[in-house]
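Structure first, then comments.
Quick note: the coordinates plus some simple rules give every number you see, no bench work behind them. No experiment lies behind these values; they were computed from the predicted model shown. Glycine gets a Cβ as well: all are built from the backbone with ideal geometry, and neighbour counts include every protein chain shown.
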């Protein structure tokens, strides 16, 4: 019989070891899954986790790592503040979409003028769009006490429909011969989110993500705001006595995560995706939740976790084309990773005791 | 737009059908939350139920076996949630989200060979005498058996929670798990059973979508129905009677927007499709929720 005994304090060693343990367990279970699908598990695992970095075509995949990782890290950094404070913004996908729509709309409004000011304006519009979309659940929570999880999630479906209507209506390419989708922003120099060093994958979104990591680190460890966020999450009552305004905390955390998700959407629509289209969003907003938890809600951890998740996306695509592995299997593996992560977390907060419990 | 193309009797009749999947998922979640557990994985369990039910029904040719398979599939998935939250004491919000992400992936993988196939037909019951009443007959008494089974489950749950001893224990566990534990009730066992009931109901709701309402399998076909079910539980203040009202209200909005689309309303299809989600938000804002079960969402660890 195994019993759990609460630790007086969370174990530091385990809190670092559990993400690695979870990745290892996911690889083992993922391998079993691939074997059940009739693939060679070792080859598949190698394809997913190593080939993007070390195969002979790695020069092609490494830039992809930055392109896929940047939105994940950017969104997850924003989410981590709210998750720490017990504010659950689950609708980052919707804020990502609205950020992309707003940013793209500003860029398209200037077409075909060329000016250095257009791209900065688009970034501001993207951030504002995401922030405002996240403010809806935030304000409803503060004013009416509605559940922000449900409202932010409902707004994802609303945003998806909005995206479709934009791609078919207001933002449709007038020269597109009636096909859905906007003009291609990446072919419009003033609005394009170009690579800073050609061929490196290093676009402005990657730079912004790295800056966000640094700022988040400073805010969480060196600034009173980070302290208040942690306090509000760990002990809401103590936070109230310390003078933390819970309503302001909700609005700031929602706005922050929405703004960063909106920025991620703008960088995606102006760069790798290139246009407003019906199938623009691919679930970065949901995967970012896994990234935030895998990184233990810590900025540096999120950076590493974002890299790992980007790796599984790219590796998954390679495995799909080379080994015929269904893409859903990768999605399943990502869900599995979050499960294992939550499961092994028990080791951080509890100690295992083996043997029968003594009656005292 | 031709509003006369909308037949009010057909509208009200399809309302009951549209409300059924949400009603099934919501009644399961209501029991789970009354036991003090917040399972946000309804969407994941629903879509897993949808694919399990579809696979079983296609292979056996029997929709009834499909529904049984869906209930088992949903319950099995919920066991993962139960083990994580009850035995490994993980955060219920995060675990519920994980369950949704996992369920979406799992269902997409399982359903790969089943895209584009039609489900075996599940005929409507034409209840003799009652079904022949003009107006009311077609609205209420000419549906498939699952509509009535859903209503029966709601009624049984209401009676169980209100009048049975087991229902009282379940509510006690949900209101104050420390006190229930001190009285000698098995908090974890009660909660595990409630979670599995919730999973089975969500599975039935999902299978109703893939076997009756659509009736096909497509990836991500639940499209937020599980989340709407969660919202309806809050709307209902955790009471089965009001749950029925919420589900039918929601079913009404869905059916109305579909009818307006078909009638060629001047509003674009995309904006009409937003209606159910916006209505859910509006309902959450307007209706002040009653008091939630006391221990909702908290982990229980018997330290003494």
query: Over the range B:224-304, what is the relative contact order in whole percent, taking alpha-carbon pairs under 8 Å and six or more residues apart?
result: 38
- prompt: Among rounded, prolate and oblate, which fits the range A:270-360 when a ≥ b ≥ c are the square roots of the eigenvalues of its C-alpha gyration tensor, a/c under 1.5 means rounded, and a/b larger than b/c means prolate?
  reply: prolate
- request: Could you quote the convex hull projected area for the protein assembly as shown, Cα atoms only and averaged over all directions, in nm²?
  value: 32.2
- prompt: Let a ≥ b ≥ c be the square roots of the eigenvalues of the Cα gyration tensor of chain A; is it rounded (a/c under 1.5), or, if not, prolate (a/b larger than b/c) or oblate?
  reply: oblate
- line: Per residue of A:324-334, other chain Cβ atoms within 10 Å number on average 4
- request: May I ask you to derive the relative contact order of the range B:1-143, considering only C-alpha pairs under 8 Å and at least 6 residues apart, and to give it as an integer percent?
  value: 28
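Please report, in whole Å³, the volume per residue of the convex hull around the C-alpha atoms of the range A:113-182.
Taking only Cα atoms, the range A:113-182 has a hull volume of 98 Å³ per residue.
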message: Output the 0 to 90 degree angle, nearest 10, between the alpha-carbon long axis of helix A:224-234 and the longest principal axis computed from the alpha carbons of chain A.
response: 50
- prompt: Using Cα atoms only, what is the angle between the long axis of helix A:327-344 and the major principal axis of chain A, expressed in degrees (0 to 90) to the nearest 10?
  reply: 40
task: Compute the whole-percent fraction of alpha carbon pairs in the range A:187-323 spaced more than 24 Å apart.
output: 43
message: Let me confirm one metric for peptide B:218-230, namely the mean number of other chain beta-carbon atoms within 10 Å of its residues' beta-carbons.
response: 2
- prompt: Helix B:8-34: angle to the longest alpha-carbon principal axis of chain B, degrees 0 to 90, nearest 10?
  reply: 10
task: Would you mind computing Rg(Cα) / (2.2 N^0.38 Å) for the range B:89-187, counting N as its residues?
output: 1.70
- prompt: For the range B:1-134, what is the largest minus smallest coordinate of the Cα atoms on each principal axis, given in angstrom and ordered from greatest to least?
  reply: 56, 37, 35
task: Before anything else, pin down the relative contact order of the range A:69-325: Cα pairs under 8 Å, at least 6 apart, normalised by residue count, whole percent.
output: 38
- prompt: Per residue, how much space in cubic angstrom lies within the convex hull of the C-alpha atoms of the range B:156-260?
  reply: 119
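Volume per residue, Å³, of the convex hull around the alpha-carbon atoms of the range A:76-148?
90
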query: In vacuo Debye scattering of chain B, one point per C-alpha: log10 I(q)/I(0) at q = 0.12, 0.14 Å⁻¹?
result: -0.78, -1.04
- prompt: What is the log10 of I(q)/I(0) for the range A:1-125, computed with the Debye formula using one identical point scatterer on each Cα and no solvent, at q = 0.15 Å⁻¹?
  reply: -1.08
